[in-house]
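Working notes, structure below.
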Amino acid sequence: MPLKDKLISKLDPMRKEVKSIIKEHGNKLLSDVVVSQAYGGMRGVKCMVCETSELDPEEGIRFRGFSIPECCEKLPKAPGGVQPLPEGIFHLLLTGDLPTEDDVKEITEEWRKRSAVPDYVLKGIDALPPDLHPMTQFSIGILLLQKESIFVEKYQGGISKYDLWDPMYEDVMTLLARLPRIAAYIYRRAYHDNKQIDPDPKLDWGANFAHMMGVKNPQYKELMRLYLVLHCDHEGGNVSAHTTHLVGSAFSDAFYSLSAGMNGLAGPLHGLANQEVLRWIMQLKEKLGGGVPTKEQEKACWDTLNGGQVIPGYGHAVLRKTDPRYVAQREFCLKYLPDDELFKVVSLLYDVVPPILVKQGKAKNPWPNVDAHSGVIQVYYGVDEYDFYTVLFGVSRALGVLSGLVWDRALGLSLERPKSLTTKRIKSMVADLKPKA
Ligand SMILES: CC(C)(COP(=O)(O)OP(=O)(O)OC[C@H]1O[C@@H](n2cnc3c(N)ncnc32)[C@H](O)[C@@H]1OP(=O)(O)O)[C@@H](O)C(=O)NCCC(=O)NCCS
């Protein structure tokens, strides 16, 4: 069954289910909110819905119920490859079903058909300073695509809010089809004298991205497929997902919503951490070299902490164990680059950093997250322009947040509008508030 038909077959049952949950249980309490959560980034407040994935603090992410090892095992692979194809994870996120090989081929073909980036978008990027941060260029590139939004056209033509998922789906498919070209264009322009590489229509989405970036080693195509699967989604409350969802809730189209989400991903506490990790590791390496844990390495970590900075790549707002996305990348390294010097430094830090964070006693999670590992593999394949790493993350994250956006419109989710309070108001309320049981 074609992807869109499959999606259509899921809409009605899901809508009925949601409607009956709201009707029968709509006034039941999901979460209490205490004063510190209002100031503390709403950590742990259960107040939003995301269908595509769910994060368990101990176990890590599950995409539509499937863990990362399960996805790596069950998702279709490219001919001769062993890594899961991003088209497959998109199918899973969007429909909730594992795809067949044919399902994946259909998505590759659909994205290929839609992949031509209009000239004015590339010209718009050309007008930017090449040394403008790649994430800024990426966000602008996404916005420039907005000119052709079908969602806007249909909305202006008058459409029921329950049919909005359809033009949203069309925009999402086109946007995803074009993202690798935009990202690779920015990369080649910023770091390779603007020597652009034409897409190869024979390749799958991830491999074509690797090809357009100009990395020759064929292993990089496999890495790219894995990378694009691993970073795709991390439930609804993280900054990039929540921002995309929030902006979309105003019936802004997929281009506005994703561009906004990418601006959130560009923050150093979120996606930009992967570039910061590499910078930090290189500084550490320059200062101390590789080798086994030593007092000096521990001291360098303490210097970072005592300087009021965070150790990038460690800690998480929800996770309380080593990130399975870190583990999957570590396994890739053990297979393809076990003797790489930087990989050894990353492994060493896995021994050194957690006990230090525990000793410092602040971070709730002393273990590494996805960003602690991704940059090192990029360097191995010659992509050592750290500033670009968050764009790679963004191309992947688009798979999850855009699938979510289609479902937001399919389920008719409302405009987001939580209630804010002033500190003066909170002060006037606290005497009567009960402490959490
Ligand atoms: C991810 C992150 C933003 C989560 O923040 P959070 O939910 O507030 O985390 P916690 O509740 O554990 O934070 C409690 C304290 O520990 C600190 N902490 C958390 N992780 C830390 C780290 N890696 N290094 C140093 N301190 C850290 C926080 O800054 C906070 O300090 P404060 O009380 O002085 O404000 C945080 O762990 C971080 O900054 N990590 C480094 C950046 C990074 O890797 N980001 C990518 C995430 S996927």
Checklist line | Qualifying residues in the range 136-188 (those that are more than 21 Å from the chain's Cα centre (by Cα), of a type in the set (Lys, Arg) and at pLDDT 95 or above) - the one nearest to Asp198 (Cα to Cα) | finding: Arg188
Checklist line | Given (1) free of Cβ contacts under 8 Å to residues at least 40 places away in the same chain; (2) loosely packed, with under 14 Cβ neighbours inside 10 Å, index of the condition Pro2 fails | finding: (1)
Check: When you look at Ser36, is it part of a helix (DSSP H, G or I) and within 21 Å of Ile426 (Cβ to Cβ), yes or no?
Finding: yes
Checklist line | Failed condition for Val277, given (1) more than 8 Å from the ligand (Cβ to nearest atom); (2) buried (at least 21 other Cβ atoms within 10 Å of the Cβ); (3) among the hydrophobic types (A, V, I, L, M, F, W, C) | finding: (1)
Margin query: Condition first: of a type in the set (Lys, Arg) and without any contact (Cβ under 8 Å) to a residue 24 or more places away in the chain. Now tell me which residues in the range 60-76 satisfy that.
Written below: Arg62
Next item on the list: Could you identify the single residue in Glu153, Glu148, Glu110 that is over 21 Å from His231 (Cα atoms), among the charged types (D, E, K, R) and in contact (Cβ under 8 Å) with a residue 40 or more places away in the chain?
Entry: Glu110
Check: Which fully enclosed helices (runs of 4 or more DSSP H) of the range 322-426 have 3 or more residues being farther than 20 Å from His231 by Cα?
Finding: 341-360, 389-410
Notebook entry, point to check: In the range 44-70, how many residues are out of contact with any Gly (no Cβ under 9 Å at 6 or more places or on another chain) and not in a loop (DSSP other than H, G, I, E, B)?
Noted result: 7
Checklist line | Selection from the range 394-437 of residues that are polar (S, T, N, Q) and under 19 Å from Pro86 (Cα atoms) | finding: Ser396, Ser403
Next item on the list: Under 8 Å between Cβ atoms, at least 6 apart or on separate chains: pull out the pairs that start in the range 353-364 with a residue that is over 19 Å from Thr294 (Cβ atoms) and end on any residue that is near the ligand (Cβ under 6 Å from one of its atoms) and part of a loop (DSSP other than H, G, I, E, B).
Entry: Ala363/Gly315; Lys364/Gly315
Next item on the list: Take Ser53 and decide whether it is within 16 Å of the ligand (Cβ to nearest atom) and either among the hydroxyl-bearing types (Ser, Thr, Tyr) or surrounded by 13 or more Cβ atoms within 10 Å (Cβ to Cβ) (or both).
Entry: yes
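The values are calculated or read from the model by the stated rules, or taken from the named source; none is laboratory data. Here the structure is a predicted model, which means the values were calculated and not measured. In this analysis, Cβ positions are derived from the backbone assuming ideal geometry, glycine residues included, and neighbour counts consider all displayed protein chains.
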